[in-house]
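Report on the structure given below.
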Amino acid sequence: MKKYKVNLRDRSYYIYIEPGIKNSLPSLLSEYNNGQKWIIISQYKLMELFGYDLKSNLISSGFDCSYITLPNGEAAKSINEYNRAISQMIDLGCDRKTCILSLGGGVVGDVSGFIASSFMRGIKYFQIPTTLLSMVDSSIGGKTGINIDRGKNLIGAIYQPKGVFIDQNFLVTLSQEEVVSGLGEIIKYGAILDKEFFEKISLWVQDIPAFPFSEAIEICCKLKADIVSKDEFDNGMRGILNFGHTIGHALELKFGFNKLRHGEAVAFGMLCAGYVSFKLKKLDEKQFNVLEKLIRTLPLPKLKKINSEELLSLIKRDKKFVKGKLKFIILNKIGEATISQNVDNLILKESFKLL
Ligand code: GLY
């Protein structure tokens, strides 16, 4: 079993990675079981695939375990669903000692984490990510949140889990779109932090079915654990993890979360952000071409024509727009990123032509 520490003093925790680890959860969680209630938060399909088995295994090992489900997709991140889940927890007799097990992808993790951060002023939770994207990114680092109609993740908290359990066996049920979405975030880690990893990914994506997911997951988890350990509250270098996200979030808003997956939107966003980096004379042309080639290798959906003014106005809704200035992540070179406040509308609009 691989194990990486997110080093945050009294909030430190481990990311455990092993195929089949879901079957070891009763023993891995036993030190936290003091007879309190455990709630699996998941979705219907995931409960059928994995959740009911997990619940039975936990009950057989002496855990008092129930579950609640969230709807599929971004709809789960609404205030209404948050309210419904909290009400269900009250009806199930949950209290301040209750522990949450978040079984699902990024959406389930974000909502479960936010419920954990706020239920009775905060209870323990654990992440059990089931998608490639959540294994390499969203389950680590404690970013939790829900949406309101003005935008994504506008209500939330940074609230760390007590552990992250990554079981690569969950990946066998993923659709190609989900895998590609995860690859978008994997490419991000190489582009911003690790040139050697970027070069490996460029080779691996030539044959996606043979992609060495375990190796890539381990590298991403280690990189993410290091960044979160240095900048838990996103006041500095953690910001570079948003490479491709400013334009990516705007594309998600424009096309709808169900049409364009998060990692796919990030892949398009990285293409534009790479171009911006080149235009600002940070990334050289050769390296921009290498980045573009890699992103264009992914089987991404074809985007409908985009009105650049509309996309710009969506970008300005982003949380990274602070005091009228956009904090935009650019590449100095492959493997090194920085935050720039010098990105003007003209360059952004020019970059949209790549979409
Ligand atoms: N997904 C970006 C972060 O955790 O900071």
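The values are calculated or read from the model by the stated rules, or taken from the named source; none is laboratory data. Since this is a predicted model, take the numbers as computed values, not measurements. Note: ideal-geometry Cβ built from the backbone for every residue, glycine included; neighbour counts use all protein chains shown.
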Review point. Which is small (Gly, Ala, Ser) and in contact with a helix residue (DSSP H, G or I) (Cβ under 7 Å, 6 or more places away or on another chain), of 60, 134?
Key: 134
Practice item. Within the stretch 224-231, identify whether any single residue is more than 16 Å from the chain's Cα centre (by Cα) and within 12 Å of the ligand (Cβ to nearest atom), and answer yes or no. Key: yes
Revision key, fill the gap. Scanning the stretch 118-176 for residues that are under 18 Å from residue 242 (Cβ atoms) and of a type in the set (S, T, N, Q), the one nearest to the chain's Cα centre (by Cα) turns out to be 138
Point to revise | Top-ranked residue of the stretch 277-291 - restricted to ones that are among the aliphatic types (A, V, I, L, M) and in a helix (DSSP H, G or I), ranked as nearest to residue 346 (Cα to Cα) | key: 291
Review point. Can you find a residue in the stretch 218-237 that is of a type in the set (Gly, Ala, Ser), outside any loop (DSSP other than H, G, I, E, B) and in contact with a helix residue (DSSP H, G or I) (Cβ under 7 Å, 6 or more places away or on another chain)?
Key: no
Exercise for review: Name every residue in the stretch 238-247 that is part of a helix (DSSP H, G or I), under 18 Å from residue 350 (Cα atoms) and more than 8 Å from the ligand (Cβ to nearest atom), in order of residue number.
Suggested key: 246, 247
Practice item. Mind listing whichever residues of the stretch 205-217 are surrounded by fewer than 22 Cβ atoms within 10 Å (Cβ to Cβ) and either of a type in the set (Val, Ile, Thr) or part of a loop (DSSP other than H, G, I, E, B) (or both)? Key: 205, 208, 211, 212
Exercise for review: Kindly establish whether residue 202 is over 23 Å from residue 248 (Cβ atoms), in contact with a helix residue (DSSP H, G or I) (Cβ under 7 Å, 6 or more places away or on another chain), assigned to a helix (DSSP H, G or I) and among the small types (Gly, Ala, Ser).
Suggested key: no
Study note, to complete from the structure: Pairing a residue in the stretch 50-61 that is without any contact (Cβ under 8 Å) to a residue 40 or more places away in the chain and surrounded by 14 or more Cβ atoms within 10 Å (Cβ to Cβ) with any residue that is in a helix (DSSP H, G or I) and of a type in the set (Lys, Arg), where Cβ atoms lie under 6 Å and the two sit 6 or more apart in sequence or on different chains, gives none
Practice item. With the condition kept exactly as written, say whether any residue in the stretch 161-171 is within 15 Å of the ligand (Cβ to nearest atom) and not aromatic (Phe, Trp, Tyr). Key: yes
Point to revise | residue 305 surrounded by fewer than 16 Cβ atoms within 10 Å (Cβ to Cβ), under 25 Å from the mean Cα position of the chain (by Cα) and not aliphatic (A, V, I, L, M) | key: no
Revision key, fill the gap. Residues of the stretch 115-156 being more than 13 Å from the ligand (Cβ to nearest atom), among the small types (Gly, Ala, Ser) and either at pLDDT 95 or above or more than 30 Å from residue 313 (Cα to Cα) (or both), in sequence order, are 116, 117, 118, 122
